[in-house]
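Read-outs throughout are calculated quantities, based only on the coordinates presented, and are distinct from any laboratory measurement. Remember, it's a predicted structure, so these values are computed and weren't measured experimentally. No Cβ is skipped: glycine too gets one built from the backbone with ideal geometry, and neighbour counts run over all protein chains shown.
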């Protein structure tokens, strides 16, 4: 069985989407399971959701550690207990150090609310509207030492309407984020997508599945 470990900081809506897909698509038949959910905030609502689903929930309060490196050493210890095929950042609100990222190179995934390489960082919906973009989206990528700079695995795309505000655009995009992220997690866990020479390698058939258009 290949294990998936999810890192969260809050309510975990992307975790819920991945959990829902794993059940509806019977990932266990493919040898995949969500083994644990780990949060840097003990009060994170996603921990309770994990417990309700029968998934191990681990709280590691980053405030209890004197340095970022000390916290990440404990986090790595917790992650390694599950020998994960994939580590999923699902609203994990900590910037990971290069040392941590390199330790799990090719196994850490994140989703960013923009069509990378456009608009890395914050306020992506507002920036896309102000730039006059006609489309916007989300990108699942391998995590690298460069913020929002890892190899692209999959993307979802929605139209930007003249009446859109950052809030309406974010709301319309969210269901598509919840479609693309589970697909990418499953594909990486099954070895259908691999990180090679800084690029995400996959077949045309897999690439078709990892593009979601509104």
Percentage relative contact order, the chain, counting C-alpha pairs under 8 Å, at least six apart:
19 percent
Subtracting the Cα-Cα distance of residue 81 and residue 68 from 0.36 nm times their residue separation yields 2.7 nm
Simple spin-label model, 7 Å along Cα-to-Cβ: residue 20 to residue 167 in nm?
2.3 nm
Value at 222 nm in deg cm²/dmol, rounded to 500, when DSSP H runs of n ≥ 4 in the chain each add -39,500 (n - 2.57):
-10500 deg cm²/dmol
Contact order relative to length of the stretch 1-104, as percent, for alpha carbon pairs under 8 angstrom and 6 or more apart:
39 percent
For helix 13-24, what angle does its Cα long axis make with the longest principal axis of the chain, in degrees from 0 to 90 and rounded to 10?
80 degrees
